[in-house]
Structure formats: C-alpha cells, structure tokens
Amino acid sequence: MASQDELQQPILNSQPSHHGVDARLEKILVDTQLPYFKRLRLASWIEFMLMFKLAGPAVFVYLINNFTSMSTRIFAGQLGNLDLAAASLGNSGIQLLAYGIMLGMGSAVETLCGQAYGAGRYEMLGIYLQRATIVLVITGLPMVLLYAFSEPILILLGQTEEIASAAAIFVYGLIPQIFAYAVNFPIQKFLQAQSIVNPSAYVSAFTLLLNLLTSWVAVYKLGMGLFGASLMLSISWWVMVVAQFLYILKSDTCKKTWTGLSSQAFSGLWEFVKLSAASAVMLCLETWYFQVLVVIAGLLENPQLSLDSLSVCMSIAGLLVMVSVGFNAAASVRVSNELGAGNPKSAAFSVVMVTLVSFIISLVEAGVVLALRHNISYAFTPGKIVADAVSDLCPFLALTLILNGVQPVLSGVAVGCGWQAFVAYVNVGCYYVVGVPLGCLLGFTFNLGTKGIWSGMLAGTLMQTLILLWVTYTTDWNKEVEVARQRLDKWDVKETKVVKT
C-alpha cells in the first residue's frame, strides 16, 4: 500500500498526460489503509483540481456565449419596449427550440466521447464528432421552415400581430445560427470529453467582443434594427465554430482523437440518430420548460409588460445558470471519463463534489439577485414600470437559481452515464404533467399572473430535482462501469464491421 508521502507527492506535483484519465483519485478512494478523513481530504483535493480545470473554463465559455446572446437582446431593448419584447419572444419562443434540439442531440456525443476517452479508445472520438455533425446538419434543414414561418406560428400560439411581426424579423437573422449550432455542439462535446476547454474560452471571449462591435455598427450605424442585431449574432457563432475547428486541425493535443475525415462517419447513422433522439428529448424538455413560461406569459392581460419583465429575469437567470451549466459539463466529463476508465468510486465521488460546489455557488447568486432586485433591470431597459415588475419577480428568480444549482449538475451526471431516455420520462411527468398545468392553474384560474405561472414551473423543477437526487443516490456505480463497457464494445463492433467491408 502506498505511503502518505507517496500519495501526497503526485497529488501536489505531478501532471496528468494529455491523454487518459488520472488514476490517482481511484487509488486513494480504494485505499482503506488510510484514515477516513485523510482519504477524504486527499480525494477532495484531487477532485477539486480535476473539477475546476474543467468547470472554470467551461463556466467562462457558457457565460460568455450567453452574454453574447444577451447583448443582442440588450441592443434590441435600447430600441424600445416593443423591440425588447420581440427579441425576447423570438429568442425564447423560436430560437431556443433549435438550441434545445441541437444541444440535446449533441449530448449523445458527450456520452460516447467521454466514455470512449476514459477507456482509451481515442480514434472513436473523431468518428463520433463527424457522425453527430452530419445528423445535426440534416436535422437543421426542417428548422429553417419553422424560422421562415415564425410570424404565423406565433400568432397561432396567441401572440399579438404587432409582437409576432417584430419577433419574426428578429428570427430571420438567426437562420444561419441553426447550422452553427449543428457544428458547434459536436465540436464542443468532442473537446470537453478530452478536458480541452481553454481554447473554447479564448474563442468565446473574442466572439463576444466581435459581436458587440458588429451589433453596434449594424443597429446604430447601418440602421438594420432587429434583423441586423440577430444576423450579427449568427455571424459571431460561425466565427466561433471555424476557430474551434481550426484548433482541432492544428493542435497536437487532438492528434490521437482526430485523424481526419472518414467515410465511416456515414455508416451507422440511423443507430446514431436513435441514440441522439433520446438525448434530444431529455435536453429539449429541459430547455423548453422555461420557454413555455415566456410563451404563456404572452397570453396574460398585459403581454408586453409580462414579456419585458420575464425577458429581464430570464436573461439574468440564463446568465447566472451558466455557472451551473459549466458544472454540468464538468459532471458529465468527469463521470463519463471515470466510468469509461472503470473507476466506480471516482465517478460517485465526482458527483458529490460537483453537486455540492454548484449548490453553494447558487446560494450566493440568489443572495446577490435579491440584494440588487430594485436596480437590476436598468441594464436592459430604462423603463421604471418594467423595473418594478422585475423587482416583484426577483424572489421567484432567486428560488429558480437555487434549484438550478443542483438540477443541471444532475442532468450532467445523467448524460455522463447515458441515462437520457430515463430522464426524458421524468422530465415529461414533472415539467409538463405537473409544472405547466399547475402554472396555468395558478396564473389564470387564480389570477396570480406571472407569479402563478412561475410558481407552477418551480414546483415541476423541484419534483424533477428530488427524483434525480434519489436515483443518483441509489445508483450502483459498479454496474454503471459495466454498462459503459458494453456500450463502447457495441459501437466498437460496428466500427470493425465497417472496416472489413
């Protein structure tokens, strides 16, 4: 058994190689000769290093990407309350539909790439990346029709003609973004599975600056209004995609996992579609949940005020929840890598640590929101009426942030384990059987308006979080290691058949 000095030395000084999963955590967790609290301290230190190496840059990437989109809505808000409502509806009512589908289908790559990387099957990652891109690009084609006919669709859903018309103009400029999503999410998951996140952070920071500059020119200098703001956002996403792909082509760290374009990417596409579909359903149901809140709020007596106040709250929530989404990525990568490497105790320990850290951060975020509740909306729009409405909703926003300190992390665990199909059923029941109907009942029948709708949504989120907590707590991690091995063997056999033919 290793001595204390032998354990501490590599923890403090050694650096894991570019490829492979660090085995030190599992060695410490299984070493029963060490005192319990000593083992806990050493394991926590290693996990913190591994977690923040992933979560830190991932949080930055998601925050910057969200702020890039939010800055577009800020430019729209400065044009007037109608433009802010239109941008909010276009973003939450149409854009998030494509975002949810693409991100959801991309999570299949996250499961497969993460577990394959942990198992040392590096050549499989590049094939998964190419397959996912092909599937997502094809999926994006019918979405163009949705964007093109967004105005009548929004009117059919009960929105006013004035808001729907303005929202459609905003949505038209987002059509190129559909295919940027289709390429970006597989690339992002491919890199994250290898714990490569810093390059994406640098690219995202540059993209934000580019979007601020081009949006200012398009909106204020060229007078392109809502269409110009959204078009510049689409261009910024394509810049991000190209920069990340160039990194994959030129970087030495991706040489083992990216070996070039391959015809194997076109084989087994239907199997990949089925796997991606389960992932899409899970993530879409989560992404669309609060999107439904915005759409329903547009049916209230004063839809413009409701949409404006919700736009501000959802923008703030979206920005701050990106911290938890960063930990979602960390949880997914850590769990999938450890399962692929055959380390059940490390996978379980990672779940506990990531969830605890994310929850503590969410409590701090909620406190900050409550402290700034009376002034927080002025960053989006100068109207005092909107500011008062936002202040009134901030307690609900704070509760949302606290729940979202745990829920996205548990979703990341589910992706890392490949539980997407199960979680999809949980999401249907909690969100759409309980949350949405309860919100409508409180909002319309009991005349609680936006507060009632949001209360119902919170009830659904709480139920889903408690179920996932229980499932995660009772998980047999040794069994999950075996499931991961069987999954990779299944896909490996298919690769071998393709090569032989």
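The values are calculated or read from the model by the stated rules, or taken from the named source; none is laboratory data. Worth saying up front: this structure is predicted, and the values here are computed from it rather than measured. FYI the Cβ positions are ideal-geometry reconstructions off the backbone, even for glycines, and counts take in every protein chain you see. Protein only, heavy atoms only, side chains kept; ligands, DNA and RNA dropped before computing areas. Shrake-Rupley method; radii C 1.70, N 1.55, O 1.52, S 1.80 Å.
Condition check: assigned to a helix (DSSP H, G or I) and in contact (Cβ under 8 Å) with a residue 60 or more places away in the chain. Does residue 299 satisfy that?
On the way: assigned to a helix (DSSP H, G or I): no; in contact (Cβ under 8 Å) with a residue 60 or more places away in the chain: yes.
For residue 299, the condition - assigned to a helix (DSSP H, G or I) and in contact (Cβ under 8 Å) with a residue 60 or more places away in the chain - is not met.
Considering the range 218-233 alone, what residues qualify as being surrounded by 13 or more Cβ atoms within 10 Å (Cβ to Cβ) and in a helix (DSSP H, G or I)?
Once the filter is applied, which keeps residues that are surrounded by 13 or more Cβ atoms within 10 Å (Cβ to Cβ) and in a helix (DSSP H, G or I), the range 218-233 yields 218, 219, 220, 225, 226, 227, 228, 229, 230, 231, 232, 233.
Check 399, 319, 307, 372 and return the single one that is surrounded by fewer than 24 Cβ atoms within 10 Å (Cβ to Cβ), modelled with pLDDT under 90, farther than 30 Å from residue 487 by Cα and in contact with a Leu (Cβ under 7 Å, 6 or more places away or on another chain).
Going through 399, 319, 307, 372 in turn, the sole match is 319.
Could you check the range 423-469 and list, in sequence order, the residues that are of a type in the set (Phe, Trp, Tyr) and open to solvent by less than 60 Å² (accessible area, probe 1.4 Å)?
Listed by number, the residues that qualify are 431, 454.
Surrounded by fewer than 17 Cβ atoms within 10 Å (Cβ to Cβ), hydrophobic (A, V, I, L, M, F, W, C) and without any contact (Cβ under 8 Å) to a residue 24 or more places away in the chain - does that describe any residue in the range 252-264?
Checked the range 252-264: no residue is surrounded by fewer than 17 Cβ atoms within 10 Å (Cβ to Cβ), hydrophobic (A, V, I, L, M, F, W, C) and without any contact (Cβ under 8 Å) to a residue 24 or more places away in the chain.
Kindly indicate whether residue 364 is within 20 Å of residue 459 (Cα to Cα), modelled with pLDDT of 90 or more and either open to solvent by 10 Å² or more (accessible area, probe 1.4 Å) or touching a His at 6+ places or on another chain (Cβ under 9 Å) (or both).
No, not satisfied.
State all residues of the range 131-151 that are of a type in the set (D, E, K, R) and buried (at least 22 other Cβ atoms within 10 Å of the Cβ); if no residue qualifies, say none.
Residue satisfying the conditions is 131 alone.
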